[in-house]
Amino acid sequence: MSRRLDERIRLGTMMMAALLVCASLIGAPPVNVPAVNAQPPPVPTSPLAPPPPPKRLCEAQELAVQRADQDIVRHNAQRHLFELPREQAAYDAYNVEANAVNQQLATAKANLRRCLDVLQRIVDPGLLAQVTPRQIDKTTTAKNQVPQGYTLPYPAGGKQGYAVPKQSPARELYDVVRKISPPRKTKVTGPLQGQQRPAVGDHDPAYPGGRVGKDAKGGSAVSLDHVVSLAELFHMPGFLALSPENMIMVANTAVGLQWLTFTANRAKQSRSAGDILGTDPNWQAAQVALENQVRSQLLRLIQDLLELQGGP
């Protein structure tokens, strides 16, 4: 009788040890609680959280987190008490799966956090909110006419500036996006490149002695200008491979926009500010430096979004 009692004690001790080992591997709660946390804490974001983005922007990453949560719930519902050494194989399989679902959740949360961080860098709620589902549909239709893998040569430009030729398969897409970007200036409430919308009578830094005039409605005669032209954006590596939503978002990002007087904007067109004649040399040098900075940011954003488009 004592031998049977000793055997039960020994088996009970082994089972307890198995649970403790499993808990130590997974970082689980105490004994008799599933070894994987079924309700992970909310995904952390940076202190300056972005405005809620449209559902489609990080949808793939959100769904990946949901799938990981579901896999954890399913894993927790399995039997997790094992008698060792008789059930060593089942115990090992449980731990392998526990590690896998924990890693799946960690990866999904990291991808979602990265997506939100990318959006935080480029989304301006006043700019993005102007894009309508109809505009996205038109962009999608036009993008579907661009052959997969098609690119425009880059770099090009020069003193003639960038252009999307009328015979290019991307021309219709360019025309559609051109109507969306830049957005309506009356909807922009925040600063662009650190500057609020100039007022009538303000100094025009592009021209010595220049002043900001009035537009037809009595407001300041300034335009929303692409620091790096939309035509050049179409030439950038990877831009034409973006989804329609991401394409519009990059074209309308506050990172790439600035206030420019009507006079300076007409003179610039789709060229670099460095090629405009008769402007203030200091302003021209600052504009070229800004173009280089924004160009680098846009190229990085395009690559980030392409990677995120690939899903979790």
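Here are a few things to note about the model shown:
- Single match in L233, L224 (criterion: at pLDDT 90 or above, outside any helix (DSSP H, G or I) and under 24 Å from R134 (Cα atoms)): L224
- Residue tally, condition buried (at least 18 other Cβ atoms within 10 Å of the Cβ) and of a type outside the set (V, I, T), over the stretch 173-196: 6
- Residues of the stretch 197-235 satisfying the condition of being β-branched (V, I, T) and either on the phi > 0 side of the Ramachandran plot or open to solvent by less than 20 Å² (accessible area, probe 1.4 Å) (or both): V212, V222, V227, V228
- Pairs linking a residue in the stretch 105-116 that is over 13 Å from E307 (Cα atoms) and in a helix (DSSP H, G or I) to a residue that is among the small types (G, A, S) and open to solvent by less than 20 Å² (accessible area, probe 1.4 Å), with Cβ atoms under 9 Å and 6 or more positions apart or on different chains, are L105/A68; A106/A68; T107/A64; T107/A68; A108/A64; A108/A68; K109/A64; K109/A68.
- With respect to being under 13 Å from V228 (Cβ atoms) and touching a Pro at 6+ places or on another chain (Cβ under 9 Å), A251 fits the description.
- Looking across the stretch 281-302 at every residue that is among the polar types (S, T, N, Q) and more than 14 Å from P155 (Cβ to Cβ), the one that is surrounded by the fewest Cβ atoms within 10 Å (Cβ to Cβ) is identified as N282.
- Within the stretch 245-280, the set of residues being assigned to a helix (DSSP H, G or I), open to solvent by 20 Å² or more (accessible area, probe 1.4 Å) and not small (G, A, S) comprises E245, V255, F262, T263, N265, R266, D275.
- Filter pass, K166 being open to solvent by 60 Å² or more (accessible area, probe 1.4 Å), more than 19 Å from A286 (Cβ to Cβ), not in a loop (DSSP other than H, G, I, E, B) and not acidic (D, E): no
- Check on R67, outside any helix (DSSP H, G or I), within 30 Å of P133 (Cα to Cα) and either open to solvent by 40 Å² or more (accessible area, probe 1.4 Å) or modelled with pLDDT of 50 or more (or both): no
- Condition check for M249: of a type outside the set (S, T, N, Q) and modelled with pLDDT under 90: yes
- One residue stands out among those in the stretch 152-162 that are open to solvent by 70 Å² or more (accessible area, probe 1.4 Å) and not in a loop (DSSP other than H, G, I, E, B): the one that is farthest from D275 (Cα to Cα), which is Q160.
- Qualifying residues in the stretch 137-151 (those that are outside any helix (DSSP H, G or I) and under 19 Å from M249 (Cβ atoms)) - the one most open to solvent (accessible area, probe 1.4 Å): N144
The values are calculated or read from the model by the stated rules, or taken from the named source; none is laboratory data. Only a predicted model underlies this, so the values are computations on that prediction, with no experimental measurement involved. Neighbour counts are summed over all protein chains in view; Cβ atoms, including those assigned to glycine, are modelled from backbone coordinates with ideal geometry. Heads up: the accessible areas ignore ligands, DNA and RNA and are worked out on the full protein's heavy atoms, side chains in. Shrake-Rupley method; radii C 1.70, N 1.55, O 1.52, S 1.80 Å.
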